[in-house]
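Below is one structure, written out as structure tokens; comments come after it.
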Amino acid sequence: MPAKSSKTVAGKPSSTETGMDAQHFTEQLYALQSGAELKKTQRYFKSGEGEYAEGDEFIGVRMGEVFALAKFFMAMPLAEIEKLLESPVHEARVGAVSIMDFLARDKKTPESVRKALFDLYISRHDRINNWDLVDRSAPYVVGGWLADKQRDILYKLARSKNVWERRTAIVSTYYFIRQGDVADTFKIAAILLKDQHDLIHKATGGWLREAGKKAPEQLLSFLDTHAAVMPRTMLRYAIERLDKNERDHYLGMKTSKTISANKK
């Protein structure tokens, strides 16, 4: 842990800390840790035995402080960002993907750097291994890069055995949705209909809901076709913004299908 003199104030590194590298970032990160925050974080991310974040190491830093630190370190070279991704500390990896996200959003970032960020994300997906890491960076780092390109990689990820890669597939489409381009969201959601993981159900349902804001008729068409077989959590997320009669209709389709299946 760094000496007290290096402690950050309001998420901003002290003036003595000028190195844009993983070591300096990590020192600043440890200066922000809190025992109370650690307890909350471990509960929130389900890091107990048998849970999805089992084995992940948390030190207890508020996400807002991690984001502020990452913004200060935007000039960090990609090789150093990868070092942060390799850290066993969850908050350090949050810092890494946050730097990547800030760079991907920045209109001044050159195309060559955007491509390198995308390549780093895909090649080191083994270290982007929790839902918050995916959600923090996939929309702009992956979706933003693919906006005007072939998107075959998303369909490959959607069929992956790795839950976080499948989540990247659907979450990345958020960038497209914002542009009014919803086709891939519905196509990837159809691939994920039979997924067994609750975190995929939530993400897919949520993104269907967002796509429905741009294209309500397409959402209704998707639900007409798939509501009866969608996981209930996915369905509930997808229909949140519909009126009560429509919600009841699609939930009724799901209930009828379940009852029919149970009778067989």
#### Entry: Pairs with Cβ under 6 Å, 6+ apart, first in segment 31-58 and open to solvent by less than 50 Å² (accessible area, probe 1.4 Å), second acidic (Asp, Glu) and assigned to a loop (DSSP other than H, G, I, E, B)
47/56
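Please specify each residue of segment 148-179 satisfying the condition of being open to solvent by 40 Å² or more (accessible area, probe 1.4 Å), of a type outside the set (Phe, Trp, Tyr) and either out of contact with any Pro (no Cβ under 9 Å at 6 or more places or on another chain) or on the phi > 0 side of the Ramachandran plot (or both). I'd like the intermediate steps shown before the answer.
Going residue by residue through segment 148-179, those that are open to solvent by 40 Å² or more (accessible area, probe 1.4 Å) are 148-150, 152-153, 155-156, 159, 161-162, 165, 174-175, 178-179.
The next check asks that each one be of a type outside the set (Phe, Trp, Tyr); those that pass are 148-150, 152-153, 156, 159, 161-162, 165, 178-179.
Passing the criteria: 148, 149, 150, 152, 153, 156, 159, 161, 162, 165, 179.
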### Task
Look at residue 244 and say whether it is without any contact (Cβ under 8 Å) to a residue 60 or more places away in the chain, surrounded by 14 or more Cβ atoms within 10 Å (Cβ to Cβ) and more than 23 Å from residue 130 (Cβ to Cβ).
no
### Query
So which helices (runs of 4 or more DSSP H) stay within segment 67-146 end to end and still have 2 or more residues that are open to solvent by 40 Å² or more (accessible area, probe 1.4 Å) and over 21 Å from residue 20 (Cα atoms)?
111-123, 131-137
### Message
Being touching a helix residue (DSSP H, G or I) at 6+ places or on another chain (Cβ under 6 Å), in contact (Cβ under 8 Å) with a residue 40 or more places away in the chain, closer than 30 Å to residue 83 by Cβ and polar (S, T, N, Q): is that true of residue 168 here?
### Response
yes
### Message
What's the number of the only condition in (1) touching a residue at least 12 places away in the same chain (Cβ under 8 Å); (2) closer than 14 Å to residue 254 by Cβ; (3) in a helix (DSSP H, G or I) that residue 230 fails to meet?
### Response
(3)
### Filtered residues of segment 34-49 (kept if closer than 14 Å to residue 64 by Cβ and either more than 24 Å from the chain's Cα centre (by Cα) or not in a helix (DSSP H, G or I) (or both))
34
### Query
Which one is least open to solvent (accessible area, probe 1.4 Å) among residues in segment 187-197 that are more than 11 Å from residue 167 (Cα to Cα) and out of contact with any His (no Cβ under 8 Å at 6 or more places or on another chain)?
191
### Task
Looking only at segment 224-240, decide whether some residue is out of contact with any Lys or Arg (no Cβ under 6 Å at 6 or more places or on another chain), farther than 23 Å from residue 129 by Cα, of a type in the set (D, E, K, R) and open to solvent by less than 40 Å² (accessible area, probe 1.4 Å).
no
### Query
Just for segment 95-114: of the residues that are under 13 Å from the mean Cα position of the chain (by Cα) and not hydrophobic (A, V, I, L, M, F, W, C), which one is nearest to residue 33 (Cα to Cα)?
98
### Message
Going by what's in this entry, would residue 209 be described as under 15 Å from residue 193 (Cα atoms), assigned to a helix (DSSP H, G or I) and open to solvent by 80 Å² or more (accessible area, probe 1.4 Å)?
### Response
no
### Query
Going through segment 174-206 one residue at a time, which ones are over 22 Å from residue 146 (Cβ atoms) and part of a loop (DSSP other than H, G, I, E, B)?
196, 197
### Query
Residue check: is residue 191 touching a residue at least 12 places away in the same chain (Cβ under 8 Å) and in contact with a Leu (Cβ under 8 Å, 6 or more places away or on another chain)?
no
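The values are calculated or read from the model by the stated rules, or taken from the named source; none is laboratory data. Note that the structure is predicted; figures quoted are calculated from it, not measured. Cβ coordinates were reconstructed from backbone atoms using ideal geometry, including for glycine residues, and neighbour counts include every protein chain displayed. Protein only, heavy atoms only, side chains kept; ligands, DNA and RNA dropped before computing areas. Shrake-Rupley method; radii C 1.70, N 1.55, O 1.52, S 1.80 Å.
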